[in-house]
Amino acid sequence: MSEATVLCCETMRTQLFHRCAKHPDPYDCPDALIVFYPSGNVGIPIRDGGSSYSKIEYCPWCGTKLPIIDMSETPPRGPT
């Protein structure tokens with residue numbers, strides 16, 4: 001799967017690869033809006049003390065349908 005397929009727009013790229021110096025866990029960071037999960041899904045974290053999330057199927061910024069990422073393939077890279 002190409003990086004372009006997973007990263008449909010610059011905003012999605014920025015959100016998926018957001019790293020916070022204060023909050024290494026995205027569930028603790030209020031700026032982490034979108035999280036990539038080992039299941040291959042992309043979702044919005046539910047910050048209730050657990051690891052729940054709301055799976056999204058379309059990019060909230062550009063509307064592109066998001067694929068489920070096969071984790072046996074190389075995961076998408078961060079910005080270079």
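Looking only at region 8-46, how many residues end up being surrounded by 14 or more Cβ atoms within 10 Å (Cβ to Cβ) and not in a loop (DSSP other than H, G, I, E, B)?
Result for region 8-46: 12.
Can you tell me which residue in region 47-58 is nearest to residue 14 (Cα to Cα), limited to those that are touching a strand residue (DSSP E or B) at 6+ places or on another chain (Cβ under 6 Å) and either touching a residue at least 12 places away in the same chain (Cβ under 8 Å) or not in a strand (DSSP E or B) (or both)? Steps first, please.
Here is the first cut: in region 47-58, the ones touching a strand residue (DSSP E or B) at 6+ places or on another chain (Cβ under 6 Å) are 53-56, 58.
Now narrow it down to the ones that are either touching a residue at least 12 places away in the same chain (Cβ under 8 Å) or not in a strand (DSSP E or B) (or both): 53, 55-56.
On the way: 53: 19, 55: 18, 56: 17 Å.
Out of the qualifying residues, it is 56.
Read the figures in this text as sums done on the coordinates, not as results from a lab. Not measured: the values here are computed from a predicted model. Every residue, glycine as well, gets a Cβ built from its backbone with ideal geometry; the counts of neighbours run over all protein chains shown.
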